1. Please compute the per residue accessible area over segment 33-164 with all protein chains in place, 1.4 Å probe, rounded to a whole number of Å².
2. Using modelled amide H (1.01 Å from N, peptide plane; none on Pro or chain starts), what sits under 5 Å from the amide H of residue 47, excluding residues fewer than 5 places away?
3. To the nearest 0.05, what FRET efficiency results for residue 102 and residue 34 with a Förster distance of 25 Å applied to their C-beta separation?
4. Considering only protein heavy atoms and a 1.4 Å probe, what is the carbon-and-sulfur percentage of the accessible area of segment 8-127?
5. Before rounding to the nearest 500, sum -39500 (n - 2.57) across all DSSP H runs of length at least 4 in the chain and divide by the residue total; then give [θ] at 222 nm in deg cm²/dmol.
6. Any chance you could run the full-extension gain for residue 150 through residue 7? It's 0.36 nm times the residue separation minus the Cα-Cα distance, nm to one decimal.
7. Please state the Cα pair-distance histogram of the chain with 5 angstrom bins from zero: what percent is in each bin?
8. Just add up the charged neighbours of residue 71: K/R +1, D/E -1, any other residue whose Cβ is under 12 Å from the Cβ of residue 71.
Amino acid sequence: MAVGATVAEVAITGEAGAPYDPGLLARREGGLLYAVVARLEVKPDVLLVNATGRDHPRRAGLALHLGAAASLPTIGVTHRPLLATGPWPPDHPGATAPLRIDGATVGAWVRTKPGARPVAAHSAWRTDPATAAEIVARTADVGRTPEPIRRARRLARTRRAAGS
């Protein structure tokens, strides 16, 4: 199967598990995301999650929690790091630069499109920063954001608009 290929799509409706509390997104959204993953007919090789992984005050963001619960390797993808810092990569697709907290590499900036702001790839459950950066770069062949996350956002918008 091709890298970035969609193997299944699932959407559900439900209530958030807790009110929004910075740094505790797993409490709020983790249960719903786990329910979606549990309903996938085909288990993916890796989950890309719109959340942080090891770039977190406790080094365990939503992407890491979801991967542990689902027993699937996960990568967090965000537009900005939560705590980690690092210089932007060169301005060509696939270029990366490390994101660090206290000297430890927890992710990478990944340039997915020339002239566009890079995205942050966060290592999470059973992934390392280099793998996270490689997979994010390989799945962002159309736009700035990796295609699996773009498709998930589109599916969510479509379902909300339909009222289901």
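The values are calculated or read from the model by the stated rules, or taken from the named source; none is laboratory data. The structure displayed is predicted, hence computed values, not measured ones. Note that each Cβ is placed from the backbone with ideal geometry, even for glycine, and that neighbours are counted across all protein chains shown. Note: areas computed on protein heavy atoms with side chains; ligands, DNA, RNA excluded. Shrake-Rupley method; radii C 1.70, N 1.55, O 1.52, S 1.80 Å.
1. Heavy-atom accessible area per residue stands at 50 Å².
2. Amide H to amide H, under 5 Å and 5 or more residues apart or across chains, residue 47 pairs with 74, 75.
3. Numbers: r = 30 Å, r/R0 = 1.20.
Approximately 0.25, to the nearest 0.05.
4. Values: 3230 of 6080 Å².
Accessible surface attributable to carbon and sulfur in segment 8-127 totals 53 percent.
5. Numbers: 4 runs with 50 residues, N = 164.
Calculated from helices alone, the mean residue ellipticity at 222 nm is -9500 deg cm²/dmol.
6. Gain in length upon complete extension: 50.0 nm.
7. 2, 10, 18, 22, 21, 15, 9, 3, 0, 0
8. On the way: positive: 43, 126; negative: none.
Neighbour charge sum, excluding residue 71 itself: +2.
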